[in-house]
Amino acid sequence: MVKSPRKRRLIPKARRALELLAGSPQGMNEALLIYGHGLSRQMLASLVSAGLARREVVVVSDRSVEVARLSITPEGRQAITAEG
């Protein structure tokens, strides 16, 4: 008999991060999530690794200023709606 994989519950900070991203259609600046909302880089990286969020590095100017932006994936939206 094959067991189906258990669904992992989101920790409260991960859920909060996904809810913030869900409310931002263009994504959010990674530094704002870390310094403004108190989320850890490790937790954000785990959301990206799990496929719940996407990380994109954007070149802002011709001086090669890079900004990391995070956005929610369809799987991330499903994760927050599944938990209610």
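Bear in mind these aren't lab numbers, they're just calculated from the coordinates by the rules spelled out. Only a predicted model underlies this, so the values are computations on that prediction, with no experimental measurement involved. Backbone-built Cβ (ideal geometry, glycine too); neighbour counts: all protein chains shown.
Observations on the model:
- Per-residue extension of 0.36 nm, minus the Cα-Cα distance of Ser46 and Ile34, leaves a gain of 2.9 nm for this segment.
- Counted by neighbouring Cβ atoms within 10 Å, the residues Glu66, Glu30, Glu75 run from fewest to most as Glu66, Glu75, Glu30.
- In terms of surrounding Cβ atoms within a 10 Å radius of their Cβ, Met43, Met28 rank from fewest to most as Met43, Met28.
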